[in-house]
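Take a look at the structure set out below.
Only the coordinates and a few stated rules stand behind these numbers; no lab work does. Note that this is a predicted model, so its numbers are computed, not measured. All Cβ positions, glycine included, derive from the backbone under ideal geometry; neighbour counts span all protein chains shown.
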Amino acid sequence: MESSKNLPIFVTQPFLPPLDEFIPYLQQIWASKKLTNSGPFHQQLEAALCGLFGVKHISLFSNGTVGLVTALQSLRITGEVITTPYSFVATSHALLWNGIKPVFVDVAPGSLNLNPAKIEAAITPRTTAILPVHCYGQPCDVNSIQKIADNYNLKVIYDAAHAFGVQDEGGSVVRHGDLSVLSFHATKVFNTFEGGAIVCPDMKTKERIDHLKNFGFVDEATVVAPGINGKMSEVNAAFGLLQLKYIDDVFAKRQVIDTAYRAQLANVKGIHLLQGTGEKVANHAYFPIFVQPQYPLSRDELYQKLKDHGIHARRYFYPLISDFPMYRELASAQHGNLPVAAEAAARVLCLPIYPTLEHNDVQRIIDLVAGISR
Ligand SMILES: *Cc1c(COP(=O)(O)O)cnc(C)c1O
């Protein structure tokens with residue numbers, strides 16, 4: 001056990017299936033010489049994910065960020081878009097890459113997702129869409145958001161980068177909104193090294209997105225839009241197919257860790273846990289804790305203390321997106337407009353959670369966090 005104490009523990013580790021199981025996929029790619037441009041593995045992964053999510057149309061991408069940029073273009077979103085400051089910076093960057101002005105709206109205290117009660121006041125004649133995030137894989141209040149979108153004739157694009165495998169009563173959460181965008185980055189619950197996808201409501205939208213991710217090509221001699229190169233390669237798609245074989249095991253192992261953390265941290269003085277937003281199936285992508293004033297250490301002191309013990313927890317999401325230089329001058333970026341998000345950015349620490357994190361290491365993390373409060 002001594003040796004494991006010296007190995008650094010990160011907030012997440014990518015899940016890697018046995019290497020020898022990947023070789024046959026590579027052999028097929030070598031034999032076919034089909035490396036990219038919607039090859040057989042690309043098509044198989046799109047079909048497999050449609051089956052898993054219970055949706056009809058998915059377009060795979062080289063990464064989630066190009067997926068977000070393309071999703072906004074495919075719906076011709078312009079002007080202003082309402083979004084959350086409490087996310088990974090790619091959410092808002094996708095707006096800037098389209099020349100769209102982000103309008104930040106505060107999150108709700110229970111979920112840290114965009115607060116529907118605060119959205120209407122931020123709508124102007126230039127508003128064309130809402131870009132919420134299912135933060136930590138906890139579903140947004142999709143019904144309230146859709147109601148506002150319907151009233152004001154706005155599109156809804158979900159950043160579902162955290163929400164792979166998450167289900168509400170009606171099925172996978174990625175079915176909501178006009179489009180949902182996933183990330184398959186190495187740090188996510190399901191990864192293709194780099195990768196992403198857009199869930200589309202109909203074939204026409206998927207075709208437009210498929211054109212946009214391939215330079216705007218419709219056929220050999222026809223280009224209909226100034227598209228980007230957002231295609232997923234065959235190697236990434238093949239890795240995704242292999243990874244899918246293990247996904248149930250990945251969720252099960254994450255759940256065991258989540259349960260252990262919850263059981264032993266729920267009653268620690270000064271540590272507050274998120275309760276979930278009523279999801280039927282969670283993915284346990286993250287384990288955020290709130291370090292409250294009653295705890296003997298500040299959030300940053302606890303972060304450092306864990307680091308001194310080789311445990312690299314992460315302050316997701318600190319700083320707020322709205323505090324970065326390209327956003328902070330916006331009127332909506334001021335902390336007075338975003339009190340709940342600002343408080344969360346100062347208090348939240350995400351503890352390590354990943355399938356190969358061993359029980360004794362989970363217990364060591366719990367003992368450290370709980371021990372300080374005793
Ligand atoms: C990871 C992430 C992205 C970006 O996805 P990439 O595949 O890394 O480009 C976007 N939004 C959120 C909320 C994320 O966590």
Tell me what the chain gives for mean residue ellipticity at 222 nm when only DSSP H runs of n ≥ 4 count, each as -39,500 (n - 2.57), the sum divided by the residue total, rounded to 500 deg cm²/dmol. -10500 deg cm²/dmol
Between Y152 and A186, with labels modelled 7 Å along Cα→Cβ, what's the label distance in nm to one decimal, could you check? 3.9
Return the aspartates and glutamates within reach of K118: Cα separation strictly under 18 angstrom, same-chain partners fewer than 8 residues apart disregarded; answer none if there are no such residues. E80, D106, D141, D150, E343
Between segment 52-70 and segment 288-315, what is the separation of their alpha carbon centroids in Å? 35
Just to confirm a number: summing +1 for Lys and Arg and -1 for Asp and Glu over residues other than F217 whose beta-carbon lies under 14 angstrom from that of F217, what do you get? -1
Please report, in cubic angstrom per residue, the volume enclosed by the convex hull of the alpha-carbon atoms of segment 19-244. 116
In whole Hz, with x marking every Gly and Pro, tabulate ³J(HN,Hα) for segment 181-188 from phi via Karplus 6.51 cos²θ - 1.76 cosθ + 1.60, θ = phi - 60°. 10, 10, 10, 10, 4, 3, 7, 8
Suppose the chain between Q275 and V256 were pulled fully straight at 0.36 nm per residue; how much longer would it get relative to their current alpha carbon spacing? 5.2 nm
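Tell me which GluC sites (Glu not before Pro) from segment 166-256 have a DSSP coil assignment and no more than 12 other beta carbons within 10 Å of their own.
Taking segment 166-256 and a limit of 12 other Cβ atoms within 10 Å, the loop GluC sites (Glu not before Pro) found are E169, E220.
Based only on Cα atoms, what mean projected area does the convex hull of segment 247-372 have, in nm²?
Values: hull surface 37.0 nm².
Its average projected convex-hull area is 9.2 nm².
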Quick check: pseudo-label points 7 Å beyond the Cα along Cα→Cβ at K204 and A331, how many nm apart are they? 3.7
Normalising by the residue count of the chain, find the relative contact order in percent from Cα pairs under 8 Å and 6+ residues apart. 23
Here the FRET efficiency for S144 versus W30, based on Cβ atoms and R0 = 51 Å and rounded to 0.05, is 0.50
Per the charge dipole of the chain (beta-carbon charges, Lys/Arg positive, Asp/Glu negative, Cα centre), the residue among G54, A161, F251 reaching farthest to the positive end is A161
Segment 146-243: relative contact order from alpha carbon pairs under 8 Å, six or more residues apart, as a whole percent, is 18
Taking 0.36 nm per residue of separation between T222 and D323 and subtracting their Cα-Cα distance, the length gained on full extension comes to 32.1 nm
Over 18 Å between Cα atoms: which of K188/K253; K147/K280; K34/K231; K56/K204; K34/K188 fall into that group? K147/K280; K34/K188
Once you have all Cα-Cα distances for segment 1-136, histogram them in 5 Å bins from zero and send the whole-percent values. 2, 8, 12, 13, 15, 13, 12, 10, 8, 5, 2, 1, 0
